[in-house]
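Report on the following structure.
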Ligand code: ATP
């Protein structure tokens, strides 16, 4: 619901997860800055992805390629010609809209494969109105390229024109031969990378769901032609299980396969993973069988041979590609939506708590050390220092212990460690579990192993 979104945005801002960008200058629309807790969560999301997609997956290796690329890249990839959205202006109130979105939001019609003329006719026939002013008076559709243009060097001439990459994938394709040669990987293998991408979106919004500067976690998996559909299934399941393992509930996730009409001309199969965000279902992750389209395009435009010699049967081919492409911010919003909970703790007192039920691996702080009295701050501080060599640990000695628990619940800290006067004698502390609120006495000597075991992912 809208209310959930408002609450999430307020929590994110109030507790230092996400701030509006450039706020002291009145902001810059649809930009967001990640505060101390948001930066931790974001890093942990990326760590989780790298762990499953590079560290634990025997097929894949990593890469960190440049944002600025030779412009030929975008000719080969099709982004210079085709990476555009159908833009319409409202003549009454001058707001901009995507024609496809106007139709889809109006009656759910999927316009995949429609021409601009078809969309314009449909909008006029149905009298679809501007969501901003309610009038039905639009301009014709213009195709609007989503790439950000910039200039390299000191002159602003067209020779120096560059684009900020709109996806990280092309950095993988142009390095295919380098990576294959230097790692001596045999097909099938994959290349995974995380990095910023930029798209001049016409209608950004829904908090961090659609922004113009974002991060992607992309895998390009190279396989032999005719094995592609098997690998497509493999990655589809692998990605789904990754989300489940982070605590995403089955009922909030749906895998939507593209119909024949909806498929890109080069794709044999595509599945959108959609999540039930507070504003409704939205794309979280796109998984596509891109055939040999990308490598063939780069081979043609660059004139470099990008085929692969397969020693298992002495054949030579341009590999097929399976691409799971995921946005860091969209997964961030997914995880926050899933984790946010309000729990009635005491009915008689009408006492509720806000608790972020984050997977402990993702939580910004793994534990908080809370001295029962300021008289214990020396010992409790030493304990926090010791634990912080292994984990992100918070320390809080302000206010009642109950209030301190609630503050940690709200930011998703899985364990609160209370140091009390008995601790001086028995070298034990009380550990409170965020989700169950159960407490148990744990020896200080065992704490590190205790926490490490619980955050395991
Ligand atoms: P949409 O239809 O929502 O514009 P898309 O189909 O163009 O998305 P892809 O090009 O498949 O998206 O991008 C892969 C992934 O990158 C998306 O599933 C999403 O997680 C992320 N992503 C794409 N565009 C944005 C954006 N503007 N803001 C945040 N994340 C994005």
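Readers should treat all values here as calculations from the given coordinates under stated rules, not as data from a laboratory. Quick caveat, the model's predicted, so the values are computed rather than measured. With ideal geometry, Cβ positions are generated from the backbone for all residues, glycine too; neighbour counts draw on all protein chains shown.
Placing pseudo-labels 7 Å out from each Cα toward the beta carbon at residue 410 and residue 375 gives an inter-label distance of 3.0 nm.
Relative intensity of segment 251-396 on a log10 scale, I(q)/I(0) at q = 0.13, 0.20 Å⁻¹, equals -0.85, -1.20, per a Debye sum over C-alpha point scatterers of equal strength in the absence of solvent. Sequence-distant contacts, meaning Cα pairs under 8 Å at least 6 residues apart, place the relative contact order of segment 365-455 at 29 percent. In terms of the mean number of neighbouring beta-carbon atoms within 10 Å, the peptides 55-65, 10-20, 161-171 order highest first as 161-171, 10-20, 55-65.
Between the helical axis of 36-50 and the longest alpha-carbon principal axis of the chain there is an angle of about 60 degrees.
For the pair residue 28 and residue 265, label points projected 7 Å from Cα toward Cβ lie 3.6 nm apart. Taking the Cα centre of each part, how many Å lie between segment 50-70 and segment 92-126? Measuring centre to centre over Cα atoms gives 38 Å. Multiplying the residue separation of residue 344 and residue 453 by 0.36 nm and subtracting their alpha-carbon distance yields 36.3 nm.
Seen against the Cα atoms of the chain and their longest principal axis, helix 2-14 is set at about 60 degrees.
Helix 228-245 and the longest principal axis of the Cα set of the chain meet at an angle near 30°.
Extension gain, residue 186 to residue 135, is 12.5 nm, computed as 0.36 nm per intervening residue step minus the present C-alpha separation. Ratio of Rg to Rh for segment 1-100: 1.08 [Cα atoms; Kirkwood radius as inverse mean 1/r over pairs]. Taking only the C-alpha atoms of segment 84-139, the Rg (one decimal) and the largest Cα-Cα distance, Dmax (whole number), read 10.2, 29 Å.
Length gain on complete extension for the stretch residue 151 to residue 357, per 0.36 nm per residue less the alpha carbon to alpha carbon distance?
Length gained between residue 151 and residue 357: 69.7 nm.
Note on the chain: Rg/Rh from C-alpha atoms, Kirkwood Rh, equals 1.02.
Computed over segment 365-455, the percent of Cα pairs more than 14 Å apart is 59. Of interest is the spacing of the C-alpha centroids, which for segment 337-398 and segment 150-219 amounts to 38 Å. In terms of overall dimensions, segment 182-251 has a Cα radius of gyration and Dmax of 16.1, 44 angstrom.
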